[in-house]
Every structure is written in structure tokens, then in C-alpha cells.
Amino acid sequence: MTSRPNRQPSRPAVVLTVVVALTCGLAACAPAATRADDAGALDSVSDHLDDSSSAVASAELAVRARAAGRLPAVTADVAVGDAVETATGAVHGIGTLVVATGDADRVRDDALDAASAAVGPVAAARTWLGRPPSPADDVLRALDDASSTLDDASGTVDEALARRVTP
């Protein structure tokens, strides 16, 4: 009777086989995983743009109410102060998101620009509230422009998300 040598695969061969299998599996899933990751990041961008739009709308309402004499200065100041914090928080939130593809990166950067541009008019509304009464036209115009810019950025994010949903 001849004995068969005990032929177990060597440890390096097993490790190599597992690494190759995992690499192939990940490579096959990479486009879908990237699409899902970017979609999640763009959903967050959309949420932050909504926050920024809300801040602009709050500031606009407070300025309009204060200019019409329907809101005490201190109440308007608190409302717009909160709006400034919300707007700057939205900028920070968008700025910290990481995306995987160039298209999503461009969309995120455009949203970041729009949210950043909205902080100035919201802060200017607070400055306007702290000065002696004057016409609010310039402040309201800047807030309206910021709102339009944010709406455009939101539309771009929505379009990018729609492209990500379809394979």
C-alpha cells in the first residue's frame, strides 16, 4: 500500500485565492456601490440646501415683518440669528460630504457655492435689523437672489439624483 502524501494547500495559496475572489467581487460591485454612495451624499446635499433655503426664507419673513412694524426688533433679531446659524451649518454640512465621482463632486461644489452665497444676505439681514429703520429693498432683493440661486442648485442636485437612480 502506498501512502499518499498529505497535500494541503499552502497558507499563501489560500490567502491569495481569497484576496483574488474578494477583489473580483468588489470590482464587479464597484459601479453600483459608487452610485449608491454618491446618491446618499447627494441626498445629504439636498437636505442641507433645504436648510439653507429655510434660513433665507426665515430671514426674509423676519425682515418683511419688521419693516412693516409687525415684529419687535428683538424677536426679528433672534429669528435671523437662528437663520444665520442654520445657513452656516448648511455650508459646513455640504463642505464635509465626500463623493466618489467627478459629476457628483461638481454638483456638490455648485451646491456649496450656492449655500455659501446665501450666508451673506442672511447675515446682512441681521445687520439691517440692528441699524436705524431704513428701506429693506436691498436686503430683500439679496435674499430673493440667494433663494433663486439655492433653488437652481437644488434642481441640479435633483437632476443628478435622477441620473443616479437609473442605471
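The values are calculated or read from the model by the stated rules, or taken from the named source; none is laboratory data. The structure displayed is predicted, hence computed values, not measured ones. In this analysis, Cβ positions are derived from the backbone assuming ideal geometry, glycine residues included, and neighbour counts consider all displayed protein chains.
Looking across the stretch 107-132, the residues that are touching a residue at least 12 places away in the same chain (Cβ under 8 Å) and under 19 Å from Gly69 (Cβ atoms) come down to Ala125, Arg126, Trp128, Leu129, Gly130. Each residue in the stretch 62-73 was checked for being surrounded by fewer than 16 Cβ atoms within 10 Å (Cβ to Cβ) and either part of a loop (DSSP other than H, G, I, E, B) or modelled with pLDDT under 95 (or both), and 5 of them qualify. The criterion of being among the hydroxyl-bearing types (Ser, Thr, Tyr) and without any contact (Cβ under 8 Å) to a residue 60 or more places away in the chain holds for Thr86.
The residues of the stretch 35-47 that are closer than 18 Å to Ser148 by Cα and surrounded by fewer than 24 Cβ atoms within 10 Å (Cβ to Cβ), listed by number, are Ser46, Asp47. Selection of the stretch 124-167 for residues being more than 25 Å from Asp110 (Cα to Cα) and hydroxyl-bearing (Ser, Thr, Tyr) yields Thr127, Ser134.
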